[in-house]
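Novice: Got a structure for you, questions after.
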Amino acid sequence: MHPKDERMGAFDAVMYDIEGDPLLRSAIVSFIVLDKAPDRQRLVERTERLTRKFPRLRQRAVGNPFSPAPPRWETDPNFDPAYHVRWRRLDESEADLGGALVYAARLGDGDFDHSRPLWEMSVLTGLDGGRAAVIFKVHHSVADGMGSVAMSASFFDLTPEEPDLGPLPPAPEADPAGLLDRVRQATQFEIGALGEVAVGSAKAYVRSIRSLVTNPVGSVVTTWRTTTSAAALLAPQSDPLSTWMRGRSLTSAFTLLDVPLDKLKAAAHEAGVTLNIVFIAAVADAIGIYHRQHDHPIDGFRINMPISLRAPGDEATGNHWVPARFIVPCGEKGPTTRLKQLVDVVDTARNDPALGLAEGTYKVMALLPAPATERLAGMMMKGVDVAATNVPGPPFPVFLAGAQVTTLVPFAPKSGAAINIALLTYNGTANFGINVDPAAVPDPDEFTACLAQALAKYTED
């Protein structure tokens, strides 16, 4: 497709529009620790190849505040990879993992230059032990967590030696749309999108009538469930359930934690549940422990968990997920009891009829003026206590520009929540990236210790 004809998808556009409220900024930060400094020239060449293989990394978002059509992706005529990749040698006061995490959090807190492609990378050298760190920040409208991992597969190598990757793919040519072209595209998009929503509604109406005739009782029950679920999905949730973690700010604090993956898998296998259930159980345990330590016990908290819609063949760029928002119990329970309880809770959330309406809902939201989209999304997101996401990574060691990746962990955006906990599995290790709002959790290390205590229940011998 011609660069000037590419429009953001509905989910991408909503993630882009909500940033009028800084609390809803949606950058994904990948934190990569290397056993040594990467070869600079090889890293520059690999980054150039990455932006050619995934042209979205060379495209900027161009929109019109007076048009309801989502922004377009246009190849940046002034694309300069040197602007997006910065090198810094840490001084002795910050040359440890903690210092690198502080740097990563500050990078994640900052906004993008929206006149350029929405990503940036920092290479930090001088870490203790001769190590280095690479911090890759990308806007959520460019890719979701699964897409970011798919892109990274083209960034890493399987051996430290430089592989023969063949000739560079051709660089996309910039051809910005003119004013008339922009008006034409916007009009076509608006007519098409409204028609799509109308046709979808009409088809749903016909299906409802047919179902009502053939199965009147079941149809009424299904309609009632869907209507109730949709109302819950769209209902304003401005207040988190936790009264202890209610503060919000523009600041993030990053901590990380890792445990052996085989032990988590063994716990899941023994209980007959998925790894994701064990993950949510540990998060629930940690939230409960943290609140009880501060004499603010709670029975449950509201969580936002993405449900992936990715299918084989989907592009790495763009978003392919729907948000499931539900309440997770976190009272004092043994691991077995909690796992059994969460199977039903998570299954109910994953099969919520309202999730089927999410795509249409986001398409409508994408047609609204940005302030309206921001306000509606904010009403749905700011009442969330915790966000949690689980992404599978490479099960074997990978290398970057001659250096081995020893730690690979994502930090997902808080997006209105007090905490976002991301799990990525890599080379036999379960890595947890914990993004905490210090206004809600003043001592991030204390909460990280609570999560470690909770994980021990599922990983201890």
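The values are calculated or read from the model by the stated rules, or taken from the named source; none is laboratory data. Just so we're clear, the structure is a prediction, and the values are computed from it rather than from any experiment. Here Cβ is always computed from backbone atoms with ideal geometry, including for glycine, and neighbour counts include all displayed protein chains.
Novice: Looking at (1) more than 22 Å from the chain's Cα centre (by Cα); (2) closer than 30 Å to T51 by Cα, find the lone condition where R292 falls short.
Specialist: R292 satisfies all of (1) more than 22 Å from the chain's Cα centre (by Cα); (2) closer than 30 Å to T51 by Cα except (2).
Novice: Now for a separate question. When you go through (1) more than 19 Å from A377 (Cα to Cα); (2) surrounded by fewer than 20 Cβ atoms within 10 Å (Cβ to Cβ); (3) not basic (K, R) one by one for G20, which number turns out not to apply?
Specialist: (1)
Novice: Which one of A82, A100, A95, A104 is free of Cβ contacts under 8 Å to residues at least 12 places away in the same chain and aliphatic (A, V, I, L, M)? Write out each step before concluding.
Specialist: Numbers: A100 fails: free of Cβ contacts under 8 Å to residues at least 12 places away in the same chain; A95 fails: free of Cβ contacts under 8 Å to residues at least 12 places away in the same chain; A104 fails: free of Cβ contacts under 8 Å to residues at least 12 places away in the same chain.
That would be A82, the only listed residue that is free of Cβ contacts under 8 Å to residues at least 12 places away in the same chain and aliphatic (A, V, I, L, M).
Novice: Filter the range 124-147 for residues that are among the small types (G, A, S) and part of a strand (DSSP E or B); which is surrounded by the most Cβ atoms within 10 Å (Cβ to Cβ)? Working first, answer last.
Specialist: Pass one, the range 124-147, residues among the small types (G, A, S): 126, 129-130, 132-133, 141, 143, 145, 147.
So of that shortlist, the ones also part of a strand (DSSP E or B) come out as 132-133, 143.
Values: A132: 23, A133: 23, A143: 26.
Per the criteria, the residue is A143.
Novice: Tell me which residues, restricted to the range 258-299, are under 20 Å from E332 (Cβ atoms), assigned to a helix (DSSP H, G or I) and of a type outside the set (A, V, I, L, M).
Specialist: F279, D285, G288, Y290, H291, R292, Q293, listed by residue number.
Novice: Can you tell me which residues in the range 332-357 are surrounded by 15 or more Cβ atoms within 10 Å (Cβ to Cβ) and part of a loop (DSSP other than H, G, I, E, B)?
Specialist: K333, D352
Novice: Let me ask something else about it. Restricting to the range 37-52, name every residue that is in contact with a Gly (Cβ under 8 Å, 6 or more places away or on another chain) and either surrounded by fewer than 17 Cβ atoms within 10 Å (Cβ to Cβ) or among the small types (G, A, S) (or both).
Specialist: Once the filter is applied, which keeps residues that are in contact with a Gly (Cβ under 8 Å, 6 or more places away or on another chain) and either surrounded by fewer than 17 Cβ atoms within 10 Å (Cβ to Cβ) or among the small types (G, A, S) (or both), the range 37-52 yields A37, D39, R42.
Novice: Would you check which residues across the range 269-311 are of a type outside the set (A, V, I, L, M), over 20 Å from R350 (Cβ atoms) and in contact (Cβ under 8 Å) with a residue 40 or more places away in the chain and list them?
Specialist: Within the range 269-311, D285, G288, Y290, H291, R292, Q293, H294, H296 qualify.
Novice: Could you tell me whether the range 49-58 includes any residue that is closer than 21 Å to S115 by Cβ and not in a helix (DSSP H, G or I)?
Specialist: Yes - at least one qualifying residue is present in the range 49-58.
Novice: Against the condition at positive phi, in contact (Cβ under 8 Å) with a residue 24 or more places away in the chain and exposed (fewer than 14 other Cβ atoms within 10 Å of the Cβ), how does G166 come out, does it pass? Steps first, please.
Specialist: Numbers: at positive phi: yes; in contact (Cβ under 8 Å) with a residue 24 or more places away in the chain: no; exposed (fewer than 14 other Cβ atoms within 10 Å of the Cβ): yes.
Judged against the criteria, G166 is not a match.
Novice: Being within 19 Å of the chain's Cα centre (by Cα), within 27 Å of F326 (Cβ to Cβ), buried (at least 19 other Cβ atoms within 10 Å of the Cβ) and at pLDDT below 90: is that true of G378 here? Give the derivation first.
Specialist: Numbers: within 19 Å of the chain's Cα centre (by Cα): yes; within 27 Å of F326 (Cβ to Cβ): yes; buried (at least 19 other Cβ atoms within 10 Å of the Cβ): yes; at pLDDT below 90: yes.
Yes.
Novice: Also: So which of G288, G300 is more than 22 Å from R7 (Cα to Cα) and in contact with a strand residue (DSSP E or B) (Cβ under 7 Å, 6 or more places away or on another chain)?
Specialist: On the way: G288 fails: in contact with a strand residue (DSSP E or B) (Cβ under 7 Å, 6 or more places away or on another chain).
Only one candidate passes the filter, namely G300.
Novice: Where residues in the range 278-313 are of a type in the set (V, I, T) and surrounded by fewer than 23 Cβ atoms within 10 Å (Cβ to Cβ), which of them is farthest from A440 (Cα to Cα)?
Specialist: Per the stated criteria, the residue is I307.
Novice: Take L368 and tell me if it is over 19 Å from the mean Cα position of the chain (by Cα) and more than 28 Å from P70 (Cα to Cα). Even if it seems obvious, please write down each step before you answer.
Specialist: Values: over 19 Å from the mean Cα position of the chain (by Cα): yes; more than 28 Å from P70 (Cα to Cα): no.
So L368 fails the test.
Novice: For the range 59-115, give me the residue count where each residue is under 24 Å from the mean Cα position of the chain (by Cα), part of a strand (DSSP E or B) and surrounded by fewer than 19 Cβ atoms within 10 Å (Cβ to Cβ).
Specialist: Summing the residues that are under 24 Å from the mean Cα position of the chain (by Cα), part of a strand (DSSP E or B) and surrounded by fewer than 19 Cβ atoms within 10 Å (Cβ to Cβ) in the range 59-115 gives 2.
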